[in-house]
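Before any comments, here is the structure.
The values are calculated or read from the model by the stated rules, or taken from the named source; none is laboratory data. Everything quoted here is computed from the prediction, not taken from an experiment. Here the Cβ is made from the backbone with ideal geometry for all residues, glycine too, and neighbour counts use every protein chain on show.
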Amino acid sequence: MGAGDSAGGLEGGDGAAAKVAADVASAVAVLELRHAAKSFGPVKALLDGSVELRAGEVHALLGENGAGKSTLVKILAGVYQPDSGQLLVSGAEITLHGPAAARAAGIAVIYQEPMLFPDLTVAENIYMGRQPVRAGRRIDRGAMNRAANEIFAQLGVVLDPARPARGLSVADQQIVEIAKALSLDARVLIMDEPTAALSSVEVERLFRVIAALRGRGAAIMFISHRLDEVFAICQQVTIMRDGKFVLNAPTGELDVDTVIRAMIGRDLGEMYQKTGTVPGEVVLAVDQLVRENVFYDVSFNVRRGEVVALAGLVGAGRTEVARAIFGIDRRTSGSVRLLGKALPNGEPAAAMAAGIAFVPEDRRQQGLVMDLAIDHNVALASLHRLSKAGFIFRSAERRLAVTWAERLQLKYGRMRDMVSTLSGGNQQKVVLGKWLARKPSLLIIDEPTRGIDVATKAEVHRIIDELAAEGMAVLMISSELPEVLGVSDRILVLHEGRLTGEFARADATEDKIIRAATGQVAKAAA
Amino acid sequence: MTAPAAPMTPMTPVQAPGIPRIARFLRAREAGTLALVLLVFLLTTLKNHNFASSGSIQQLLVGASLIALLGVGETMVIVTRNIDLSVGSTLGLSAFVVGDLFRSQHIPVWSGFVIAIAIGATVGAVNGAITTLARVPSLVVTLAMLYIIRGLDSKLVNGNIVVPGQVPHAFIEVGYETVFGIPWLAIIVAVVVAIVGYAMRTFRPARELYAIGSNPEAAALAGIPSARRVFVAFVTSGALAGLGGALFLALFAQVDNSAGLGYELNVVAAAVVGGVAIFGGSGTVVGAALGALLLNTIQQGLVAVRSSSFWDEAIAGGLLLAAISIDRLLALRVARSLRSAEGAHREL
């Protein structure tokens, strides 16, 4: 690119406006995806992805976790190539071979956590590789900063283009990404949960920016779990479920109930078997737990033989609550008692000694030593019981591991094999075995079945049920509503760091949980 | 321009961009290093008045020149999140080979510089190729290269060192002649620093070096040909180390197999003292050159005040640590003030 396009989106703006005008007049979708499918090995991530984006419209894409939204976004971004289906830009079919091709086609994706160059200025972040140049191909910083300022003015925001990107808030980072998209003459902006990490003031500003973008004739796809936001700014809604397109309608013709019903609407099936147990004494008592800026006033109990689920959207603070209970993160105030005994703040070792086991979500990083043998991994948390005078008896270690491998129906070659050779589901069982070998009184398990196949999933559910039946108290964090409803005795719902709902197994429905998780509690009560 | 359908209500009126403020801040990092140089110079002069003599100042400049020159290439490499530890060995090899060609082939003076640069560029190309193609960490590649070249150098020298009488007089003049009291050596290095310093600010490919070091993933998404850029950075670093070999020969007129021994650590230290972030993404060649000047001034200052030579290196190391700690603290302060300025913004 030469000096001619130095002003980036500004000079190009008129051309884009003309193109946009043509788009609007012909009423042809700027971007249309028809019946796209995508599989990863045996996993069908997307079965029928269809969406139609028009100029000057904000289009909401809704669906539960795992409905196929991210796969669809990645197809539009050129990151994935669909196995089948068609992609049309302004009515003409095209194939995107990579992110660069998507960019060239005028499609820009603004991710939840933008990727910037922290050491470079805001303006350079926008124009990297396309900086305005003058004679001798020298970068014209003045022109670059002016061009950035002009884009910010169009968006109605104030941001110093000459400051380094380091230290920008997530909201401002998104603005930089949006400005970059505009400088590239993007006609389609896809925003993947842009509001998840923003404060309410920042969300308001983003909405003003989105209004300005609409005014310029951009087609915008807006992904959010917050239904109030969807109804506030979107003209069209597309809902996905289980990898399939289910519903598309103008926002005006929909209400919250219809949307929620369309998002769930599936049988729970008989996948979950639940042994009826009578909860015993209180094992875990959490009182007024606070971690500043993360969660507030969280109080609940877990009894012997009870499975309590902590539900909520990603980012609601569920894992953080668990980490604070276990002592990985320090709590600001509040108390945690295990079997009546107060746990010290920020001491995981004390929590372990008191009888809490914590199975984290990220097995690879936090739960397992991937290059160590299966039996070593199982025994890792029980070494003090297996050692005599500081020496660990290999045979004792092996016996312990074999016991749990049988109990959990672990599928393995030899005990000496490295854990990394096991499938995801079996790795999860090794983590479980490692903690269960300590005979904990409370098991905290974060996303127990994420990323594992259906059959193993059912086994993990059966194991949780058995453990509870034997008197263990279980606190489970899960984003999968069927799992939450099928496995637990009681369901707690967190929304933005606060408990917004508590449901007994008998009264819990997906509808109620989604309402609580999206902050629609008041309406649900009405 | 399309008229916006919805009224846009800026939170605050759009102000003129704060370029001068930021530019001043960016300059301040180098200004700080320069101020330290002057401070050390002043303090030393108070104890030993001879330190301010023109001969002593020439010594300061000459002594810093080679490290500053190598620091220019090193900065280009470090900025991309890599490191080049082979510069000292490369300098030694090129110094000996050029000196040997002078005595055995009587090559013209100008070609000594060309050959020196070519030798260095070749080493840099090997470093760059292995780092970018085989994706071996540059720390490993260039450390290995450090030993390989030092070994090759020893084999070539084999006791047959280059001595002053064997190097053309015109070549050696570069090492000690001055223009208006400024040594040629310092002028050459200053010109290189100025040219590369300007280029690093002004040209797209150079800015992409910073982008690569700042966020490699984002650089790939932005379509930056990272491997090619990193390769060029290594070639440049090697070429400048080669040129450094020629200047070493001109300065000392004598080369054995220990020429440039340990320079790589001085070069990296100079760059870091001069504000080049060791994890890439920021820092300037001017800063690195000033860092070299600072380290040399400290060392010579310690000699001038006759501190026990046992302690010279320890004190230099302590000052290095202090300089970097202060730099980190300042960087944190700046980051915090940027954040709070933004917070104040939002309140409006």
Restricting to the stretch A:30-77, and then to whatever is of a type in the set (Val, Ile, Thr) and touching an Asp or Glu at 6+ places or on another chain (Cβ under 7 Å), can you tell me which residue is farthest from residue A:511 (Cα to Cα)?
A:30
For residue B:199, indicate whether it is within 13 Å of another protein chain (Cβ to nearest Cβ), without any contact (Cβ under 8 Å) to a residue 40 or more places away in the chain, crowded, with 24+ Cβ neighbours inside 10 Å and touching a helix residue (DSSP H, G or I) at 6+ places or on another chain (Cβ under 6 Å).
no
Would you point out which residue out of B:212, B:195, B:298 is farther than 26 Å from residue A:139 by Cβ and part of a helix (DSSP H, G or I)?
B:298
So residue A:277 fits all but one of (1) part of a loop (DSSP other than H, G, I, E, B); (2) at pLDDT 85 or above; (3) among the polar types (S, T, N, Q); what number is the exception?
(2)
Test set (1) crowded, with 24+ Cβ neighbours inside 10 Å; (2) closer than 22 Å to residue B:198 by Cα - residue A:134 fails condition number:
(1)
For residue A:357, indicate whether it is outside any loop (DSSP other than H, G, I, E, B), among the hydrophobic types (A, V, I, L, M, F, W, C) and touching a Pro at 6+ places or on another chain (Cβ under 9 Å).
yes
For the stretch A:255-264, give me each residue that is part of a loop (DSSP other than H, G, I, E, B) and closer than 18 Å to residue A:314 by Cβ.
A:264
Exactly one of B:272, B:286, B:276 is farther than 22 Å from residue B:123 by Cα, within 14 Å of chain A (Cβ to nearest Cβ) and crowded, with 21+ Cβ neighbours inside 10 Å, and that residue is B:276
Enumeration of residues in the stretch B:209-227 that are at the interface with chain A (Cβ under 7 Å from one of its Cβ atoms) and either in contact with a Cys (Cβ under 9 Å, 6 or more places away or on another chain) or within 19 Å of residue B:287 (Cα to Cα) (or both)
B:210, B:211, B:214
I'm trying to understand the selection: among the residues of the stretch B:33-59, which are part of a helix (DSSP H, G or I) and without any contact (Cβ under 8 Å) to a residue 24 or more places away in the chain?
B:35, B:38, B:39, B:42, B:45, B:46, B:49, B:52, B:55, B:57
Residue check for residue A:49: under 20 Å from the mean Cα position of the chain (by Cα), modelled with pLDDT of 85 or more and either outside any helix (DSSP H, G or I) or within 14 Å of chain B (Cβ to nearest Cβ) (or both):
yes
Condition test on residue A:78, is it more than 7 Å from every other protein chain (Cβ to nearest Cβ) and assigned to a helix (DSSP H, G or I)?
no
Pick from the stretch B:136-165, criterion touching a Phe, Trp or Tyr at 6+ places or on another chain (Cβ under 7 Å) and crowded, with 16+ Cβ neighbours inside 10 Å, ranking: modelled with the highest pLDDT
B:153
Meets criteria (surrounded by fewer than 18 Cβ atoms within 10 Å (Cβ to Cβ) and part of a helix (DSSP H, G or I)) for residue B:228:
yes
Within the stretch B:230-252, is there a residue that is more than 23 Å from residue B:117 (Cα to Cα) and modelled with pLDDT of 90 or more?
no
Filtering the stretch A:105-147 down to residues that are more than 8 Å from chain B (Cβ to nearest Cβ), in contact with a Phe, Trp or Tyr (Cβ under 7 Å, 6 or more places away or on another chain) and farther than 20 Å from residue A:189 by Cα yields A:144
Restricting to strands (runs of 3 or more DSSP E) lying wholly in the stretch A:148-254: which have 2 or more residues that are crowded, with 22+ Cβ neighbours inside 10 Å and more than 14 Å from every other protein chain (Cβ to nearest Cβ)?
A:188-192, A:219-223, A:236-241
Is it true that some residue in the stretch B:77-85 is farther than 27 Å from residue B:204 by Cβ and either in contact with a Lys or Arg (Cβ under 9 Å, 6 or more places away or on another chain) or of a type outside the set (S, T, N, Q) (or both)?
yes
